[in-house]
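Before any comments, here is the structure.
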Amino acid sequence: MNSAAPARASLAYCDARGRIFFDERTRPLADGGVVRPPLADELIPAPAGTVEMVLPGRRPLAGDAVAPRASERRNALAVALPAGYTRLLLPAYRADPGAPPLPLFGYTFACELDDRLHVAAARTDEHDDWRPRYFARGELETAIARRRERDPGNAVLAQLAVCAREYGCFTAQNVFLERGEAALPVSPTCNARCLGCISELDADAGIPSPQRRIDFEATAEALARIALAHLERVPDGVVSFGQGCEGEPLLRIAAIERAIERIRGATQAGTVNLNTNGSLPRSLQRAIDAGLQAVRISLNSFRPHAYAAYYRPLGYALEDVLESARIASRAGLRVSLNLLTHPGVTDDEQEVAAANEFLSSVRVDMVQTRTLNVDPQVYFDAVGRPARPLGMRFALDALALRTQLGNFTHTH
């Protein structure tokens, strides 16, 4: 638990036009599962790549009284963090009646300190391949055109071109830039109905999905051609089934098996990875038998009720997910857990205990923390507020005692 002193921070807020202001007379409040002042060791200067966001119809909460008229003119401020940082606190706000739902971003608390914008975050990884690229005019388009000319009929390459251009997906861009981890989307269907799914939301969600899910079943041949081209050109390259533009890849295990067999029949270079919800342990075993070398299993919680509330699984449960991690670990794969973190849930005392229990019994090479992109109120309504939040720094430190902590795929 954190015993640091409250920060001497000031309120940062937005007006209706999105302009940011500081009010040095007013002490801000943050949401860590309970509303409280931010602590000094929870704040860092806003890193390069931070994106400021207005929270429409939401008024910032403060520890000092704010004149009602002034309060009604203020919109709560949040930020989205760049890659390599993990969120520690949420913005605290009061929603107006009829306030619109928030789209799928990782809303992070921000305030003023020493006349600079500060954010509630911790640096948890650094990797050159995941730094934003600033392309010269036409550079990415040229790389995409050149690559597609070599395999013009490949429908998966066409999908990846959309992901690279429209969604700024790094793993899709890597296919064309010939570096790092390359995407191999394979499945148009899913067996979960995640509250924060980026490619397919319920019709009554009130917000659009930020991406379009692939609408075809990628063939093993098309996938293998992309993988082989990447691994031939990228030293220590990684090719990964399971991407944000698709559903659950294990639902297409036959295609994955054939693709891995073709890849490994032609080269032993690089790493073949699978990103999955881990719902089908037997199908994962088939991929392992075909030559899979690494797996990254996504989950938001090590507690069944919190897992089910977010993933809303169809035909499987958290125990299947954890069994997939056990199978991969016993088989000697590099095992990562893609942990969708959220203040007030990840650092709940019971959650920290459940994570510690699992990681004490199963070899996991890395826990990759991800800021869960979802409206905080929607998530708390589904999962519940914590009985005793210990603080995200405490939760991250507890994870780091059991395994490597980071944000990106590391092959060594």
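Computed quantities for the displayed model
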| quantity | calculated |
| --- | --- |
| Qualifying positions in region 182-217 - within 13 Å of R312 (Cα to Cα), modelled with pLDDT under 90 and among the hydrophobic types (A, V, I, L, M, F, W, C) | L201 |
| Flag if R388 is touching a residue at least 40 places away in the same chain (Cβ under 8 Å), closer than 28 Å to G180 by Cβ and of a type in the set (D, E, K, R) | no |
| Tally, over region 277-312, of residues that are surrounded by 23 or more Cβ atoms within 10 Å (Cβ to Cβ), within 17 Å of the chain's Cα centre (by Cα) and of a type in the set (S, T, N, Q) | 3 |
| Residue satisfying all of: in region 125-153; of a type in the set (K, R) and in a loop (DSSP other than H, G, I, E, B); modelled with the highest pLDDT among these | R137 |
| Region 188-212, residues that are farther than 25 Å from A306 by Cβ and in contact with an Asp or Glu (Cβ under 6 Å, 6 or more places away or on another chain) | P188 |
| Residue pairs meeting the criteria (Cβ under 9 Å; at least 6 apart or on separate chains; first within 17 Å of C169 (Cβ to Cβ), in region 197-217; second loosely packed, with under 15 Cβ neighbours inside 10 Å and aliphatic (A, V, I, L, M)) | I214/A155 |
| Residue within region 231-242 that is within 26 Å of the chain's Cα centre (by Cα), outside any loop (DSSP other than H, G, I, E, B) and of a type in the set (S, T, Y) present | yes |
| In region 313-346, residue surrounded by the most Cβ atoms within 10 Å (Cβ to Cβ) [restricted to those that are hydroxyl-bearing (S, T, Y) and farther than 11 Å from I297 by Cβ] | T346 |
| Sole residue being of a type in the set (D, E) and crowded, with 22+ Cβ neighbours inside 10 Å, chosen from E149, E181, E166 | E181 |
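The values are calculated or read from the model by the stated rules, or taken from the named source; none is laboratory data. As the structure is a computational prediction, the values presented were derived from the model and not from experiment. Counting neighbours? That spans all protein chains shown, and the Cβs are built from the backbone with ideal geometry, glycine included.
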